[in-house]
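Working notes for the structure below.
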Amino acid sequence: MNTALRRAKALILSTPVGAAGLAIVLLYALVALFAPALAPHPPIKAFADSVLAAPDAQFWFGTDGNGMDVFSRILYGARYAFGISIPVLAIGMVCGVPIGLIAGYRGGWVDELALRLMDVLRVFPSIVLALAIVAATGQTLANVVIVIAILDIAVFVRVVRAEVLTLRASGMVDAAINAGNPTWRILLVHLLPNSLRGALAQMPIRMAWAVRVSATLAFIGVGVQVPEPEWGAMIREGSEYVISGEWWVALLPGTALVILVIALSMLGDGLSDLLDPRRAGRAR
Amino acid sequence: MAVLRLLIRRLFFALPILFGILLLTFLLVRLSGNDPAGVLAGPTATGEDVIRITKQLQLDKPVWQQFIAYVNTLAHGDLGRSWLSDKPVVRELLIRLPATLEMVIGGGILGALIAIPLGLRAALRVNGILDHSSRILSLIGFGAPTIFLGLLLIYVFFYLFGWAPPPMGRLDLLTTAPPTITGSYLIDALLTGNWEAARSAAARLVLPCVCVATVYAAPLIAQTRAVAMDVLASDYARYARACGLPPRDIRRMVWRNTAVPVITYGATELVALFGAAAVLELIFSWGGVSQFGLMAILKGDFAVVQGFTLLMSLIAMAIFAVADIVVMSLDPRARK
């Protein structure tokens, strides 16, 4: 127990930024889990007599244009943030890592195809692509998740592929081949654990990105619709009040979003420092 | 000469990518389940109207024949007509392009001018004040989505301080637009000596450009710093220091060697800015091509969507080509 504590302390000291990021992300996760217990009001209950109320003792963060409590809605919004970004991450990794492994190891037409597809994704602002696909396939939450995941797959393919390429050239793989290992064993036992490092460090960064993009899509009006307590949808609802001074409707959910995204990228910075000591002290 | 050869090679590699994008958007539109004839005919149309339009658009033919026909008209520089306004798509896109370019390029230049010197300085003095502030700046720029940044700036500078004009369009209400030369109000007004319009256009540009610059600067600072630190840690940099070269010369050397990867990276990020611009244009009612494309996607005007995606890819390729040329002029190794 004592050693575990000491190790945790050493870890925090080695990347204070990453540890701070982790603490904030965990706090958000707790809020998402216990939102019903923490929220002072139901998230979609409209108080008709206090529309656009400024922050006060009853409504800590004020109310929006429908008279709904902004603070409660922000708490519930954390559920959407995690509910979208975790499946996105899972799909992105489950599909992207194997493709990256095979493309990097095999080379040839598989690699060529993967590269060309990534080129197509690269020359395209991803938000526009996501929007076009969601608009064409139907505006459901599941489609939003799938589309963002597809864009994520490309990132994981690229990261893992690059790691595999350097590992291939390192001689370790040649040694494994000459020792008579079958291909599946080389891929799973030798290449996968070694190349996962880059993918792991990418995870919080990709999560931050997914949170940001899904909120942006909801802001545009795609995916989650307005009465739902999602941060992007809330910012959309509040955007018309910003020029008349009711700042809390849009800017408070926005702040919640920004803090989570920054915390996730701090965690990502810390992770990549930990996983790759050569990079320590350098920014992403 | 080398530049010409590079451009030809670029074009050669670009063709399959362009083809892929065409096919992707085409399939997306056809598989979306939206019936173009139904949309075009409108809600009051009879069944016969729909059939006539279906024939006219050749929607009754197999999908691959439709695609060939589409590519064929495209090759003649024709993107068809908007399903909603019935105006030629090419014209609709091109009259709106300068507004977007004005905002993205203005903001991009501003962002690069802040990010690159800051990243270099941060790398030269690791853990200095500048290093930490650049790291914070880059975290904020990465964390704040454009939607939040735009609204925050509007609230602070328009509502609270009243310094910025209202976020509605590119010119003040009572200002007449200058005659179109480049399409950018600011440049056109300056060219025609219309100071009133120039002042108005410039004031309107400030907030959107600051947003674009922040979004652009954030990753660029981090990248510049990381590359410059690699260069500083390299054997040749250490040798140069060991030989006692003055810091000014070393800084110049670090910059030259940092520039190449940073420019390539900056080009990729610049392409992504056109996506961010769509949202910013929405917030500032800018009326550029990104907002137009966004609206076309939302309204299901797929003739415009196809044209828009094509335009975006062409812009991306042009940016990459320019970046390549700049890199070649800086790096003798790239000239081979």
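The values are calculated or read from the model by the stated rules, or taken from the named source; none is laboratory data. Keep in mind that what you see is a predicted model, and the values were worked out from it rather than measured. Every residue, glycine among them, receives a Cβ derived from its backbone with ideal geometry; neighbour counts consider all protein chains shown.
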Response to the item:
Those residues of segment A:258-277 that are modelled with pLDDT under 85 and facing chain B (nearest Cβ under 10 Å) come to a total of 1
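Give segment A:196-229 a look and list any residue that's farther than 26 Å from A:Ala19 by Cβ and either assigned to a helix (DSSP H, G or I) or among the polar types (S, T, N, Q) (or both), or say none. I'd like the intermediate steps shown before the answer.
So in segment A:196-229, the residues farther than 26 Å from A:Ala19 by Cβ come out as A:213-214, A:216-229.
Matches in segment A:196-229: A:Val213, A:Ser214, A:Thr216, A:Leu217, A:Ala218, A:Phe219, A:Ile220, A:Gln225.
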Worksheet item: If you scan segment B:25-48, which residues turn out to be touching a Leu at 6+ places or on another chain (Cβ under 9 Å) and either among the polar types (S, T, N, Q) or modelled with pLDDT of 75 or more (or both)?
Response: B:Thr25
Discussion item. Among the residues in segment A:9-28, are any closer than 18 Å to A:Trp231 by Cα, modelled with pLDDT of 90 or more and hydroxyl-bearing (Ser, Thr, Tyr)?
Written reply: yes
Discussion item. Looking for something without any contact (Cβ under 8 Å) to a residue 60 or more places away in the chain, surrounded by fewer than 16 Cβ atoms within 10 Å (Cβ to Cβ) and in a helix (DSSP H, G or I) - is there at least one such residue anywhere in segment B:184-194?
Written reply: yes
Worksheet item: Where in segment A:1-95 are there helices (runs of 4 or more DSSP H), lying wholly inside it, with at least 2 residues that are under 30 Å from A:Asp152 (Cα atoms)?
Response: A:2-14, A:16-33
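Which one of B:Ala242, B:Ala323 is more than 28 Å from A:Gly138 (Cβ to Cβ) and in contact with a Ser or Thr (Cβ under 7 Å, 6 or more places away or on another chain)?
Values: B:Ala242 fails: in contact with a Ser or Thr (Cβ under 7 Å, 6 or more places away or on another chain).
Only one candidate qualifies: B:Ala323.
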Practice prompt. Would you tally the residues in segment A:102-127 being farther than 28 Å from B:Glu269 by Cβ and part of a helix (DSSP H, G or I)?
Written response: 6
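Which of the residues belonging to segment A:106-154 are among the small types (Gly, Ala, Ser) and crowded, with 18+ Cβ neighbours inside 10 Å? Show your work before the answer.
Let us first name the residues in segment A:106-154 that are among the small types (Gly, Ala, Ser), namely A:107-108, A:114, A:126, A:130, A:132, A:135-136, A:138, A:142, A:149, A:154.
Across segment A:106-154, the qualifying residues are A:Ala114, A:Ser126, A:Ala130, A:Ala132, A:Ala135, A:Ala136, A:Ala149, A:Ala154.
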Fill in: In segment A:152-184, residue farthest from the other protein chains (Cβ to nearest Cβ) [restricted to those that are aliphatic (A, V, I, L, M) and more than 17 Å from A:Ala103 (Cα to Cα)]
A:Ala179
Fill in: In segment B:146-181, the residues that are more than 16 Å from B:Gly107 (Cα to Cα), in a loop (DSSP other than H, G, I, E, B) and within 22 Å of the chain's Cα centre (by Cα)
B:Pro167, B:Met168, B:Gly169, B:Leu171, B:Thr180, B:Ile181
Discussion item. Can you tell me which residue is nearest to the chain's Cα centre (by Cα) among those in segment A:230-257 that are within 7 Å of another protein chain (Cβ to nearest Cβ), in a loop (DSSP other than H, G, I, E, B) and not small (Gly, Ala, Ser)?
Written reply: A:Trp247
Worksheet item: When you scan segment A:107-149, how many residues do you find that are under 30 Å from A:Thr183 (Cβ atoms) and either under 16 Å from the mean Cα position of the chain (by Cα) or within 11 Å of chain B (Cβ to nearest Cβ) (or both)?
Response: 11
Worksheet item: Cβ-Cβ below 8 Å, separation at least six or inter-chain, first residue in segment B:120-143 and within 10 Å of another protein chain (Cβ to nearest Cβ) and without any contact (Cβ under 8 Å) to a residue 24 or more places away in the chain, second loosely packed, with under 15 Cβ neighbours inside 10 Å and not in a helix (DSSP H, G or I): which pairs?
Response: B:Asn127/A:Gly281
Discussion item. So, B:Trp286, is that one surrounded by fewer than 19 Cβ atoms within 10 Å (Cβ to Cβ) and either within 12 Å of another protein chain (Cβ to nearest Cβ) or of a type outside the set (Lys, Arg) (or both) or not?
Written reply: no
Fill in: One residue from B:Val271, B:Val254, B:Val260 being within 12 Å of chain A (Cβ to nearest Cβ) and either farther than 20 Å from A:Leu217 by Cβ or out of contact with any Lys or Arg (no Cβ under 7 Å at 6 or more places or on another chain) (or both)
B:Val271
